[in-house]
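Trainee: Structure in structure tokens, see below.
The values are calculated or read from the model by the stated rules, or taken from the named source; none is laboratory data. In this text, all values refer to a predicted model and were calculated from it rather than measured experimentally. Reconstructed Cβ throughout: ideal geometry from the backbone, glycine too, with neighbour counts over all protein chains shown. Surface areas here come from the heavy atoms of the whole protein model, side chains and all, with no ligands, DNA or RNA. Shrake-Rupley method; radii C 1.70, N 1.55, O 1.52, S 1.80 Å.
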Amino acid sequence: IKLSKQAMVNSAIRTGDFFDVQIGDTALHCLPTDFIAGKMMLVRAMILGLSLDLVKPTANPMRDLNNTYDFVAMTPMQAHNSIEKLDQIKTLIIGGAPIYPELIDKLVYSHNNCYETYGMTETVTHIAASKLSVPKKPFRALDGIHLNVDADGCLIVEAPDITDQLIHTNDLVEMHDKKTFTYLGRRDNIINSGGIKISPEVVENKLAHHIQFPFFFYGIPDKILGEKIIMVVEGDQGVIKEAEKTISACKTIEKYEIPEAIYSVSKILRNNGKFMRGKTVSNLKIT
């Protein structure tokens, strides 16, 4: 993907306006510069006039730091590991992977100005943000970003100062108005079970506050249903029984959302913090 320098400049200015970043503000750069989020922190520092500290992009970037910062961007894993030192940060934005509900609870308790961001490389990182709260708030588009949905309910992004092309995503959303939306899940993760379309992320959100170990739902081929829903949990056989009890007790789970089987793995495969659902399932012995 090729991005123009002007698009990066425009994105940096939009971020500064939305988060009220001022010239001379202090910022911490703790993201890998091989990826767009890390590149954009450098661009923001140059365009917005930030005083920037750079550290290695470790899992716990705040561990040896005692400075305070006005603006910091982290991954969910970095925020989790830095939870005890987040009071040194005025505004924290988190992106790159979904923030699991247990972490949201901790962040809301420990920090009053923390945002989850939504975006992609094509949009030069985030184009929308949601201030963390319980219950979770919808994403709100930054100024100059126009949103719509296609016939399948997937988000369409129009960012004329970034690209002259509409960006068609695979992200299923619920639009509340022209500026706000709730993320529902990936269209390519949709499970079609007996003609009923199930978004695994929606089901996962129903259980997330009640299950303390990593898990996900997935669809596998079935001769009768076309696809059947299964659950994959990280841990030993004991977590399978715990998951079964939780699902049985959950009143918001629909009958068709109950998994046909639950499988345990010692470790769910991840890429940059995101679950590699297909590759994890392909390693299972499913009969």
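Trainee: How many times 2.2 N^0.38 Å is the alpha carbon radius of gyration of segment 246-287?
Mentor: Against the compact-globule rule of thumb, the ratio is 1.44.
Trainee: What percent antiparallel are the DSSP beta bridges of segment 207-285, to the nearest 5?
Mentor: 65 percent
Trainee: Now, a different point. Using the C-alpha atoms of segment 47-155, what convex hull volume per residue, in cubic angstrom, is computed?
Mentor: 129 Å³
Trainee: Helix 36-48: angle to the longest alpha-carbon principal axis of the chain, degrees 0 to 90, nearest 10?
Mentor: With both axes taken from Cα atoms, the answer is about 20 degrees.
Trainee: Further question: Can you give me the three principal axis dimensions of segment 139-287 from its C-alpha atoms, in Å, biggest first?
Mentor: For segment 139-287, the Cα extents along the three principal axes come out at 52, 33, 30 Å.
Trainee: Could you compute the net charge surrounding I196? Neighbours are other residues with a C-beta less than 14 Å from the C-beta of I196; K and R count +1, D and E count -1.
Mentor: Here the charged neighbours net out to -2.
Trainee: Between helix 101-110 and the chain, what is the angle of the helix's C-alpha long axis to the longest principal axis, kept within 0 to 90° and rounded to the nearest 10?
Mentor: 40 degrees
Trainee: In segment 35-82, which chymotrypsin sites (Phe, Trp or Tyr not before Pro) are in a loop and have at most 15 other Cβ atoms within 10 Å, using DSSP for the loop call?
Mentor: F35
Trainee: Over the chain, what percent of the accessible surface lies on carbon and sulfur atoms, probe 1.4 Å?
Mentor: 51 percent
Trainee: When the helices in the chain are scored as -39500 (n - 2.57) per DSSP H run of 4 or longer and the sum is shared across all residues, what 222 nm value do you end up with, to the nearest 500 deg cm²/dmol?
Mentor: Here the helix-only value at 222 nm equals -7000 deg cm²/dmol.
Trainee: Moving on. Which FRET efficiency value, to the nearest 0.05, do you get for K255 and H209 by plugging their Cβ-Cβ distance into 1/(1 + (r/R0)^6) with R0 = 30 Å?
Mentor: 0.90
Trainee: Send over the per residue convex hull volume for segment 83-213, Cα only, as a whole number of Å³.
Mentor: Hull volume normalised by residue count: 130 Å³.
Trainee: Take every DSSP beta bridge whose two residues both sit in the chain, then give the antiparallel share in percent to the nearest 5.
Mentor: 65 percent
Trainee: Taking Cα atoms, how many degrees apart are the long axis of helix 5-18 and the longest axis of the chain, rounded to 10 and kept between 0 and 90?
Mentor: 90 degrees
Trainee: Now for a separate question. Could you pull the Cα extents of the chain along its three principal axes, largest to smallest, in whole Å?
Mentor: That works out to 60, 44, 32 Å along the principal axes.
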